[in-house]
Amino acid sequence: MRLFIPMLALIAMTFNAHAAESSATPKTALVIHGGAGFVPKDAISDEERRAYHAALNRALDAGNAVLQRGGSALDAVTAAVVVMEDAPQFNAGKGAVFNAKGGHELDASIMEGHTRRAGAVAGVTTIKNPIKLARTVMEKSPHVMLAGGGAEAFADAHPEIERVPNSYFDTDKRRQQLEKAQREEAAKGKREAYNGTMEAPTYFGTVGAVALDAQGHIAAATSTGGMTNKKWGRVGDAPIIGAGTWADDRCGVSGTGWGEFYIRNAVAHDICARMAYRGDSLEVAANEVVNKVVPAAGGDGGAIALDKDGNIAMPFNSGSMFRGWIKPDGSRGTAIHEGE
């Protein structure tokens, strides 16, 4: 009898522990970025700063609303990126930079980690929200990436994809950036400008999101207008799976920075591969790639990353990165510069 009572108590304690564990709210997490680059603090007015933080918070709210109602990570990153594509503060969608011809060419990609499904578009010119078309490529085509006129033709077959004139993406700020870039290019002369080298751009406004849903699934998405004054149909890392975007069953990444170097070093995939093959933590892997591999190659930028436990990493080496996060415990924040 003496032995029986403690055993009953032990069984009850074990049952209660399992019940508490099963009733606990599953972990969800969300991290977003609005681009990395060198943006001096005194170059942003108080009004602009408030607008940036407000846009980041709207994106966090949109993605988190999906997660809190039990929605998928894929829906969450789509919702967050759409908000940033619609915000003129960022170099994606409405605020996309101008190319050398005075127009806009947009790129985007999305990936679902546990299935490895992915979709991407490059060089589209009339798609209001390129991330929606990238997802449609993933879900309604046999392909991963469509580009230019082909991507536009694919959109023609999907009336749910909203179309806009290319001028919709115009903003005064981006036009001023184009005019400044072209003045500087003219001053240097075409021979020097096209000698096979490039100076680092001073601002990147690519947007991205990575989410962990209540089912333990991860998704990542990235969208951009590319580089100011870009030529020859240049495409950066944002629509390239493994370079600017990656998600698997344990890790998700969206990059932002000098795309040529992110492509050459498969940055998004490398971060997750270091976790899978070397057992690195998310923080160690992300910092190693962004703060060592990319600068050693000559590039700069940042990334946001998230693992299956809800850990978040946001390394950048460019002086600033517009970013926001909601951790599994519900704590949240937005920031622009180092130390914030």
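The values are calculated or read from the model by the stated rules, or taken from the named source; none is laboratory data. None of the values given here were measured: they were computed from a predicted structure. In this analysis, Cβ positions are derived from the backbone assuming ideal geometry, glycine residues included, and neighbour counts consider all displayed protein chains. The protein model used for the area step is the full one, side chains on, heavy atoms only, and it has no ligands, DNA or RNA in it. Shrake-Rupley method; radii C 1.70, N 1.55, O 1.52, S 1.80 Å.
Observations
- By the equivalent-ellipsoid construction on the alpha carbon gyration tensor, the stretch 198-273 comes out with semi-axes of 25, 12, 9 Å, ordered largest to smallest.
- Candidates THR28, THR222, THR171, ranked by Gaussian network fluctuation over the chain, Cα under 10 Å, top entry: THR171
- Distance between the modelled labels on ALA43 and ALA214, one decimal in nanometres: 4.3 nm (7 Å Cα→Cβ projection).
- Compared with the alpha-carbon gap, the fully stretched path from LYS292 to LYS140 is longer by 50.9 nm at 0.36 nm per residue.
- Straight Cα distances below 24 angstrom link LYS41 to the lysines LYS94, LYS173, LYS180, with same-chain residues fewer than 8 positions distant left out.
- In plain terms, the chain from TYR277 to HIS158 could stretch by 38.8 nm, reckoned as 0.36 nm per residue minus the Cα-Cα distance.
- Within a straight-line Cα-Cα reach of under 20 Å, LYS188 can be paired with the following aspartates and glutamates, leaving aside sequence neighbours fewer than 8 residues apart in one chain: GLU179, GLU199.
- Taking VAL81, VAL207, VAL137 as the candidate residues, the one with maximal mean-square fluctuation in a Gaussian network model of the chain, Cα springs under 10 Å, is VAL137.
- Accessible heavy-atom area order of LYS27, LYS132, LYS94, highest first, probe of 1.4 Å: LYS27, LYS132, LYS94
- Using θ = phi - 60° in the Karplus curve 6.51 cos²θ - 1.76 cosθ + 1.60, the 3J(HN,Hα) couplings for the stretch 274-286 round to 5, 5, 6, 9, 10, x, 5, 6, 4, 4, 5, 4, 5 Hz; x is entered for Gly and Pro.
- Across the accessible surface of the stretch 23-153, with the other protein chains kept in place and a 1.4 Å probe, carbon and sulfur atoms take up 53 percent.
- Extension reserve of the ASN57-HIS114 stretch, reckoned as 0.36 nm per residue once the Cα distance is removed: 17.8 nm
- Stokes-Einstein D (µm²/s) once Rh is taken as the Kirkwood radius of the chain over alpha-carbon pairs, at 20 °C in 1.002 mPa s: 105
- Take PHE38: with every protein chain present and a 1.4 Å probe, its accessible area is about 130 Å².
- When only Cα pairs below 8 angstrom with a gap of at least 6 residues are kept, the chain shows a relative contact order of 23 percent.
- Taking only Cα atoms of the stretch 105-174, radius of gyration then Dmax in Å: 12.2, 41
- GNM result for the chain, Cα springs below 10 Å: residue of GLY299, GLY63, GLY208 fluctuating most strongly: GLY299
- Relative contact order (%) - the stretch 34-100, alpha-carbon pairs under 8 angstrom, separation at least six: 27
- The simple spin-label model puts a point 7 Å past each Cα toward its Cβ; for ARG69 and ARG264 those points are separated by 4.6 nm.
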